[in-house]
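So the structure is just underneath, and the comments pick up after that.
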Amino acid sequence: MKHTLSVLVENKPGVLTRISGLFARRGFNIDSLAVGETEDPALSRVTISVDGQDQPIEQVTKQLHKLINVIKITDLDPNSSVTRELVLIKVHATSETRSEIIQVVEIFRAKIIDVSASTLIVEVTGTKDKIEGIISLLRPFGLVEVVRTGKIAISRGRKRT
Amino acid sequence: MKVAAKVMMEIFKNEGVEVVFGVPGGSVMPLYDALMDADLLNVLTRHEQGAVHAADGYARASGKVGVCIATSGPGATNLVTGIANAYMDSVPMVAITGQVRRPVVGTDAFQEADTFGITLPVVKHSYLVTDEHELPRILHEAFYLARTGRPGPVLVDLPGDVATALIDYDPDNPPEPNLPGYKPTVKGHPRQIKEAARALAEAEKPMIYAGGGIIIAEASDELRELAAYAHIPVTTTLNGKGLFPEDDALSLGMLGMHGTRYANYAMTNCDLIFAVGVRFDDRATGKVDTFAPDAKIIHVDVDPAEIAKNLAVDIPIVGDAKWVLRSLIEELRKLEPSPERHVPWMRQVEDWKQAHPLPLREDPDGEIMPEFVIQKLWEVTRGEAIVTTEVGQNQMWAAQYWLAKHPRRFISSGGLGTMGYGFPAAMGAKLARPDLTVVDIAGDGSFQMTSQELATCVSYGIPVKVAILNNRYLGMVRQWQELFYEKRYASTCIECQPDFVKLAEAYGAQGFRATRPDEVEEVLRIALASDAPALMDFRIKREANVWPMVPAGSAISDMLGGGEA
Ligand SMILES: Cc1cc2nc3c(=O)[nH]c(=O)nc-3n(C[C@H](O)[C@H](O)[C@H](O)COP(=O)(O)OP(=O)(O)OC[C@H]3O[C@@H](n4cnc5c(N)ncnc54)[C@H](O)[C@@H]3O)c2cc1C
Ligand SMILES: Cc1ncc(C[n+]2csc(CCOP(=O)(O)OP(=O)(O)O)c2C)c(N)n1
Ligand SMILES: [Mg+2]
């Protein structure tokens, strides 16, 4: 099962190295990782997607908790949280395929943010399903490059993550 | 405003530092200059590895934080083994390393190494000081982190220009730690403790499996009270030796790969394990699938990540061992368990003890057997000495035959198994406990890894004793080769060795040698009586093995050798 760990950390040098080092050392794989400052500049939020049975996840969170700079870890429940990812897709476009691509982009409510003679850059935000969806529809046109931010997530409702 | 290096001395004083170990160099010269006027003992070792192990031995013998210092680059990298060693065995330590000046960090400057990065996986926490005004808080935090919760080494990497900067510090009003993510749990959950008490009261074949955490928590008295009150046999790990007197009738000695047969049989057949301050290391449990198959397991540990790490647990209790034991004993007393319940079990355990004692071998060729030396050493010191060990057969013989009576008096590199640890650790231990005899039970191979510290012992008059069980082999590896590699002794025969007696004398220490059993006691008496550092070269039976033994990956009840019925 996929887990989304939302990890609140002190915004200190080396925190990210500690986290990624811990994952590598303990043999846990990271599917995606996103990090950024929070409403409090002293704190950062690291969102980590991991694949694992329940047992390893428990070890992952316990080991993460041992890092002194880690303040709080939430294993987000997909039903009570929202997740998003931002992706930039550079896709081949010819005069014949351009309008077809634009249609796909519209269906997914994505945006075209750059145009060249032979390529388009598409910006899309959404859940993993939406992103995989648009990527698979654009793939036949020829993907030049795909850049993803990694998933971020927040819990629904009044409660803080 | 004061020079940061001087402030560090005030912080050392505030933190109760009595001694620091280290080797100077360019980036820590301001620190060494300040040390000259500081009110503490500054021990110059001959190698940084000696410094870090000495700080470790000092910490284990005293319960205080050990401090070591090294310069940037090679000085810092020389500390790494010792930091990893302290990390594995949860030893409170602050390691201070010099770093190149801030403006040149990251430029491959002279003697620059990424000490922060290199040590990251083997520290409890670490700091690279980038703002001199943060230094007081960081250094206080380092000590606080090192000694609280599950102790461990904390590294402070200090650029040379930070040490000479001017900062404010009021020793009467030191900065508070600012660690929002660090709150070790001391108090165990009351409901879990009640449940544990009930399980203990109901058990018919209970065992206590206790380790390093009891010594760290200073909870030996509580553990003894529990064992005596509830009539439960006690086995300890290597790191737990001494937490329970091994000459007590309830003691089964050490369990595990080289544990006693009776401890391993009892663990395999019991119906309840009260595990406290232990981390279910594979050397202790053997193959986990067959470890105590019928037992319910209670696990008390201050580190939640240790619980259910290697093995499922029935009653987990996160908390400080001393706190948990106190309230557990209270709960148990309310239940008034009947001592009758354990009578058949205690009889069974006693039968195992009688049937499978540790072997006391007599050599047909009249050579010295290692256990004979250890037993004589115990007799001569009445078991009151602090024993440190090197790594290998010497360590396991010490674990088996030295009946440790007190906590903090059996000091060994358990988790990392670092050859060369025992001698510098003994130096640190002796400085912590000058009132006690301190003996490093050594192997000839291990001793050669840090023997240069003889110079430190002589120069500071630290009268440590070294008892080399000299088999002229890397004996433990040779034993495995004998058993599992058809006696192909690849790189384990180390016949070319210095004359250890002359080596000791060359440094200005005393050296003695015994080649026959009847010389052992006299050598011990003379060497221990002197107030100088002394080395004893015991020429033991070269191919003596450590028995019993559990082959790696086997059940702990499947033991080879030693005391078969
Ligand atoms: C050659 C060799 C052979 C060895 N053979 C054996 C063997 O046969 N048998 C054996 O047992 N070992 C053996 N060892 C040692 C082994 O590798 C481990 O180091 C040892 O078993 C670990 O001991 P421990 O479980 O007591 O844990 P430690 O490493 O001492 O850890 C202490 C535990 O206590 C916890 N703790 C710390 N503070 C507290 C507190 N205040 N309250 C509660 N809990 C706390 C910690 O979180 C940790 O889980 C051998 C080592 C070598 C080098
Ligand atoms: C630094 C280090 N290198 C290698 C080893 C692997 N090793 C474990 S025991 C041992 C032999 C130790 O020889 P010695 O000190 O003579 O002890 P003996 O087993 O002979 O008593 C070796 C090489 C180790 N534990 N530590
Ligand atoms: Mg040897």
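No value in this document is a laboratory result; all are computed from the given coordinates. Source: prediction; values computed, not measured. FYI the Cβ positions are ideal-geometry reconstructions off the backbone, even for glycines, and counts take in every protein chain you see.
Residues whose amide H falls under 5 Å from that of B:ASP440, counting only those 5 or more places apart or on a different chain, are B:THR388, B:LYS465, B:VAL466, B:ALA467, with hydrogens built in the peptide plane. The Kirkwood radius of the protein assembly as shown, taken over pairs of alpha-carbon atoms, gives through the Stokes-Einstein law at 4 °C and 1.567 mPa s a diffusion coefficient of 46 µm² s⁻¹.
Against the main long axis of the alpha-carbon atoms of chain A, helix A:54-66 sits at an angle near 70°. For the charge dipole of chain B, defined by +1 on Lys and Arg C-beta atoms and -1 on Asp and Glu C-beta atoms about the Cα centroid, which residue among B:CYS493, B:HIS356, B:TYR209 has the Cα displaced farthest towards the positive pole? In chain B, that residue is B:HIS356. In this Cβ point-charge picture (+1 for Lys and Arg, -1 for Asp and Glu), chain B has a dipole of about 540 debye about its Cα centre. Ranked by the mean number of other Cβ atoms within 10 Å of their residues, highest first, the peptides B:334-346, B:407-419, B:369-381 come out as B:407-419, B:369-381, B:334-346. Restriction of the trypsin sites (Lys or Arg not before Pro) in region B:160-219 to DSSP coil positions whose beta-carbon has at most 15 other beta-carbons within 10 angstrom yields B:LYS187.
Taking a sphere under 13 Å around the Cβ of A:THR74 and counting the other residues whose Cβ falls inside, with K and R at +1 and D and E at -1, yields a net charge of +3.
Dividing the summed -39500 (n - 2.57) terms of all DSSP H runs of n ≥ 4 by the residue count of chain B sets its mean residue ellipticity at 222 nm at -11000 deg cm²/dmol. For region B:200-268, the Cα gyration tensor yields ellipsoid semi-axes of 16, 16, 10 Å (square root of five times each eigenvalue, largest first, whole Å). Qualifying trypsin sites (Lys or Arg not before Pro) in region B:255-287, where qualification requires a DSSP coil assignment and no more than 16 other C-beta atoms within 10 Å, comprise B:LYS287. Residues in region B:463-489, backbone N under 19 Å from the label point at B:GLU384 (7 Å along the Cα-to-beta-carbon vector): list them, ranges by number please. Within reach of a label on B:GLU384: B:463-465. In this label model, A:SER118 and B:SER554 are separated by 6.8 nm, measuring between points 7 Å along each Cα→Cβ vector.
For peptide B:110-122, the mean count of partner chain Cβ atoms within 10 Å of a residue's Cβ comes to 1. For B:VAL19, the residues whose amide H sits under 5 Å from its own are B:LEU41, ignoring neighbours fewer than 5 places away on the same chain, with H placed 1.01 Å from N.
Give the cross-link partners of B:LYS296 among the aspartates and glutamates, using a straight C-alpha distance below 14 Å as the criterion and excluding same-chain residues fewer than 8 apart. Result set, ordered by chain and number: B:GLU195, B:GLU202, B:GLU204, B:ASP271, B:ASP314.
Is the C-alpha gyration tensor of region B:190-355 telling us rounded, prolate or oblate? Criteria: a/c under 1.5 is rounded; beyond that, a/b larger than b/c is prolate, otherwise oblate. Judged from the Cα gyration tensor, region B:190-355 comes out rounded (a/c under 1.5).
From the helices alone, meaning DSSP H stretches of at least four residues, give me the mean residue ellipticity at 222 nm for chain A, per-run term -39500 (n - 2.57), in deg cm²/dmol to the nearest 500.
Mean residue ellipticity, 222 nm, calculated: -8500 deg cm²/dmol.
Inter-chain neighbour count for B:307-319: the average number of beta-carbon atoms from partner chains within 10 Å of each residue's beta-carbon is 1. The Rg/Rh ratio of region A:2-76, with both radii computed over alpha carbons and Rh defined as the Kirkwood radius, is 0.93. Counting Lys and Arg as +1 and Asp and Glu as -1 over every other residue whose Cβ lies under 15 Å from the Cβ of B:GLU336, the net charge comes to +1.
Normalised by 2.2 N^0.38 Å, where N is the number of residues, the alpha-carbon radius of gyration of region B:2-167 equals 0.91. Sequentially through region B:279-292, phi angles give Karplus couplings (6.51, -1.76, 1.60; θ = phi - 60°) of 10, 6, 5, 5, 5, 8, 8, x, 4, 5, 4, 9, 7, 6 Hz, Gly and Pro residues having no value and appearing as x.
What shape does region A:1-153 take by its C-alpha gyration tensor, where a ≥ b ≥ c are the square roots of the eigenvalues and a/c under 1.5 counts as rounded, a/b above b/c as prolate, and the rest as oblate?
prolate
The alpha carbons of region B:42-105 stretch over 40, 22, 17 Å along the principal axes, in descending order. Per residue, the convex hull spanned by the Cα atoms of region B:299-396 amounts to 225 cubic angstrom. Whats the longest run of chain A with zero trypsin sites (Lys or Arg not before Pro) that are DSSP loop and have at most 11 other Cβ atoms within 10 Å? With trypsin sites (Lys or Arg not before Pro) excluded where exposed in loops, chain A gives A:1-108 as its longest stretch. Hydrodynamic radius of region A:82-154 by the Kirkwood approach over all distinct alpha-carbon pairs: 12.2 Å. Other residues with beta-carbon under 13 Å from the beta-carbon of B:TYR401 carry, at +1 per Lys or Arg and -1 per Asp or Glu, a net charge of -1. With the simple model of a label 7 Å out from the Cα in the direction of the Cβ, B:ASP282 to B:GLN111 spans 4.0 nm. Among the listed pairs B:LYS241/B:LYS541; B:LYS124/B:LYS187; A:LYS62/A:LYS111; B:LYS353/B:LYS541, a Cα-Cα separation exceeding 31 Å is found for A:LYS62/A:LYS111.
Per residue and in cubic angstrom, what volume does the convex hull of the Cα atoms of chain B have?
Details: hull volume 86.0 nm³, N = 565.
Hull volume over Cα atoms, normalised by residue count, gives 152 Å³.
For region B:285-415, a simple Cβ point-charge model (Lys and Arg +1, Asp and Glu -1, everything else neutral) yields a dipole of about 440 debye relative to the Cα centre. Summarising the amide proton neighbourhood of B:LEU128: residues at separation of 5 or more, or on other chains, whose placed amide H is nearer than 5 Å comprise B:ASP157. Using only the C-alpha atoms, the convex hull of region B:370-539 corresponds to 108 Å³ per residue.
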